[in-house]
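Participant: My questions will all concern the structure given below.
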Amino acid sequence: MINSRIYEKRRAVVARALKAAGGGIALLPTAPEVARNRDSDFPYRHDSYFYYLTGFSEPGAWLTIEASGKSTLFCRPKDMEREIWDGIRLGPKAAPAALGVDQAFSVETIDKTMPQLLANQRAVWFPFSTHKGLETQVDGWLNQVRAKVRLGAECPGSQHDLCKVLDEMRLVKDKHEIDILRRAGQISAGAHVRAMQTSAAMLRSGFKGGPREYHLEAELLHEFRRHGSEYPAYTSIVAAGANACVLHYRAGDAELKAGDLCLIDAGCELGGYASDITRTFPTNGKFTPAQRTLYDIVLAAQYAAVAVTKPGKRFTNPHDAATRVLIEGMLETGLLPKAKHGKVDDVLASGAYRQFYMHRTSHWMGMDVHDCGDYTEPTGKATRQTDALGQDVLRKPSRILQPGMVLTIEPGLYVRPAKGVPKEFWNIGIRIEDDALVTAKGCELLTRGVPVDADEIEALMRG
């Protein structure tokens with residue numbers, strides 16, 4: 001049962017934004033169905049922007065919102081024959097009461113009805129660059145309006161990117177969203193616990209043929225689904241041994257060998273919202289001294305990042321804090337020899353740390369695992385800075401964190417065999433990731449239902 005009031009309030013915010021900009025109409029489609037191969041589609045997943053404003057998950061739907069506040073839905077008509085094959089449709093007749101929209105029409109009438117809605121509007125707003133062919137479709141409808149100007153119709157005089165309005169709305173989560181994100185984090189944490197325990201149990205039992213990465217992936221998927229998650233939020237990473245040094249590795253058939261680490265980056269999607277957790281653990285439940293040394297450095301980096309994740313700090317502060325701790329660890333362990341690289345500030349200036357830490361510490365989280373939202377202050381003044389590749393760029397100041405924002409905190413170290421790198425650290429890849437909700441005084445880690453301390457991980461895997 002959809003709580004239509006939540007979505008009505010969001011549509012009202014959009015309407016007010018249109019009115020403040022001088023009036024107009026916003027339109028957006030949901031995602032299309034995508035064929036996987038002959039007679040088979042990929043599992044359907046709605047468009048996040050569309051769902052954010054409707055709570056409606058059927059394909060083939062469109063929404064319009066006018067500056068006056070009036071909303072119109074286009075959806076698939078009732079069709080008894082198709083519903084036998086594909087499932088029950090809501091239909092235009094039931095949509096206003098179920099979704100709280102003012103009116104609804106069959107999507108089969110959209111080419112006739114949409115030009116009527118666009119006529120005499122001052123501007124049209126739609127998401128740029130998110131739906132292939134949408135600009136052409138909108139142009140076609142506008143041309144129908146232009147063809148009637150002699151009859152008194154007025155065509156919208158400008159076009160605007162609706163994403164700019166919706167991205168700002170989605171960046172700060174409301175209570176409804178936070179409740180779902182918190183539950184998604186709990187489910188995903190339980191899946192990581194299950195994977196850790198399964199790894200240790202399979203190695204203890206002498207599993208025939210050896211446990212494989214895909215065995216742990218199966219445990220993750222089972223735990224997601226049995227607790228009500230619709231699907232994984234992204235393709236799960238289950239990386240054993242040297243595979244953990246491949247950032248976007250997918251779970252394969254590599255064997256989980258005693259003495260190796262396993263890095264799992266996996267999270268479920270629940271009610272349209274993602275979770276994102278990474279844990280790195282010894283496959284047999286016991287860290288080696290070299291593994292433990294690097295693991296504790298990454299964990300200390302995460303704690304440093306968490307400490308500065310609070311209102312008033314900037315989005316880049318967690319990355320800066322984590323990177324300094326990681327560099328200190330690189331220098332102390334000899335990953336970066338002090339005699340060659342100097343002190344922490346020297347390494348920051350040279351960028352030498354990127355050999356072992358080449359990604360950012362955070363990204364926004366929400367309906368999409370890499371959620372929308374500007375990473376810089378919208379009204380900030382751009383200044384010349386040096387980017388991660390050492391290039392001069394013009395950038396606005398980093399975004400100031402506010403309560404209700406959700407971001408990941410995920411430092412890591414990835415040590416590939418290389419000349420001058422201590423061999424005891426070769427092929428060790430470690431990442432620790434949690435989802436952080438910015439609160440009034442700091443942040444709440446939504447995903448700590450799975451242990452992060454090395455001693456606690458070993459205790460869990462002994463259990």
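The values are calculated or read from the model by the stated rules, or taken from the named source; none is laboratory data. Keep in mind that this is a model prediction, so the values were computed, not measured. Cβ coordinates were reconstructed from backbone atoms using ideal geometry, including for glycine residues, and neighbour counts include every protein chain displayed.
Participant: Given the residues PHE281, PHE207, which is the only one that is modelled with pLDDT under 95 and out of contact with any Gly (no Cβ under 8 Å at 6 or more places or on another chain)?
Facilitator: The unique qualifying residue is PHE207.
Participant: Which of the residues belonging to the range 234-261 are assigned to a strand (DSSP E or B) and in contact with a Phe, Trp or Tyr (Cβ under 6 Å, 6 or more places away or on another chain)?
Facilitator: The answer is ILE237, ALA239.
Participant: Looking at ALA123, is it surrounded by fewer than 20 Cβ atoms within 10 Å (Cβ to Cβ) and under 16 Å from LEU162 (Cα atoms)?
Facilitator: Taking the combined requirement at face value, the residue satisfies it.
Participant: Out of all the residues in the range 299-312, which are in a loop (DSSP other than H, G, I, E, B) and touching a Gly at 6+ places or on another chain (Cβ under 9 Å)?
Facilitator: THR309, LYS310, PRO311
Participant: ALA251 is checked against (1) at positive phi; (2) without any contact (Cβ under 8 Å) to a residue 60 or more places away in the chain and fails just one. What number does that condition carry?
Facilitator: Tallying (1) at positive phi; (2) without any contact (Cβ under 8 Å) to a residue 60 or more places away in the chain, ALA251 fails exactly one: (1).
Participant: Could you run through the range 389-443 and say how many residues are modelled with pLDDT of 95 or more, part of a loop (DSSP other than H, G, I, E, B) and polar (S, T, N, Q)?
Facilitator: Summing the residues that are modelled with pLDDT of 95 or more, part of a loop (DSSP other than H, G, I, E, B) and polar (S, T, N, Q) in the range 389-443 gives 3.
Participant: On to the next question. What residue, of VAL325, VAL344, is without any contact (Cβ under 8 Å) to a residue 24 or more places away in the chain and either surrounded by 15 or more Cβ atoms within 10 Å (Cβ to Cβ) or of a type in the set (Gly, Ala, Ser) (or both)?
Facilitator: VAL344
Participant: Sticking with this one: Give, as residue ranges, the strands (runs of 3 or more DSSP E) completely inside the range 21-102 that count at least 3 residues that are exposed (fewer than 15 other Cβ atoms within 10 Å of the Cβ) and over 21 Å from the mean Cα position of the chain (by Cα).
Facilitator: Qualifying strands (runs of 3 or more DSSP E): 35-37.
Participant: Something else about it: Step by step: first the residues of the range 410-463, then only those that are of a type in the set (A, V, I, L, M, F, W, C) and surrounded by fewer than 16 Cβ atoms within 10 Å (Cβ to Cβ), then the one that is farthest from ALA244 (Cα to Cα). Which residue is that?
Facilitator: ALA440
Participant: Considering only residues that are surrounded by fewer than 20 Cβ atoms within 10 Å (Cβ to Cβ) and of a type in the set (Gly, Ala, Ser), look in the range 281-303 and name the one that is nearest to LYS257 (Cα to Cα).
Facilitator: ALA290
Participant: While we're on this one: Any residue that is among the aromatic types (Phe, Trp, Tyr) and touching a strand residue (DSSP E or B) at 6+ places or on another chain (Cβ under 9 Å) - is there at least one of those in the range 191-213?
Facilitator: no
Participant: Residue by residue through the range 259-282, note down the ones that are under 29 Å from LEU171 (Cβ atoms) and of a type in the set (S, T, N, Q).
Facilitator: Of everything in the range 259-282, those that are under 29 Å from LEU171 (Cβ atoms) and of a type in the set (S, T, N, Q) turn out to be SER275, THR278.
Participant: Of the residues that make up the range 313-321, is at least one assigned to a loop (DSSP other than H, G, I, E, B), modelled with pLDDT of 95 or more, of a type outside the set (Val, Ile, Thr) and surrounded by fewer than 24 Cβ atoms within 10 Å (Cβ to Cβ)?
Facilitator: Within the range 313-321, one or more residues are assigned to a loop (DSSP other than H, G, I, E, B), modelled with pLDDT of 95 or more, of a type outside the set (Val, Ile, Thr) and surrounded by fewer than 24 Cβ atoms within 10 Å (Cβ to Cβ).
Participant: Follow-up. What are the residues in the range 287-298 that are assigned to a helix (DSSP H, G or I) and either among the polar types (S, T, N, Q) or touching a Gly at 6+ places or on another chain (Cβ under 9 Å) (or both), if any?
Facilitator: Residues satisfying the conditions are GLN291, THR293, LEU294, ASP296, ILE297, VAL298.
Participant: Output the qualifying pairs, or none if there are none: Cβ atoms under 7 angstrom, residues six or more apart or on different chains, first residue in the range 354-380 and on the phi < 0 side of the Ramachandran plot and not assigned by TED's automatic domain parsing to the domain that holds ALA436, second residue part of a loop (DSSP other than H, G, I, E, B) and surrounded by 15 or more Cβ atoms within 10 Å (Cβ to Cβ).
Facilitator: none
Participant: Scan the range 244-270 for residues that are among the small types (Gly, Ala, Ser) and surrounded by 18 or more Cβ atoms within 10 Å (Cβ to Cβ) and jot them down.
Facilitator: ALA244, ALA251, ALA254, ALA266, GLY267
Participant: Moving on to the next point. Could you tell me whether ARG38 is in contact with a Ser or Thr (Cβ under 8 Å, 6 or more places away or on another chain) and farther than 22 Å from CYS163 by Cβ?
Facilitator: no
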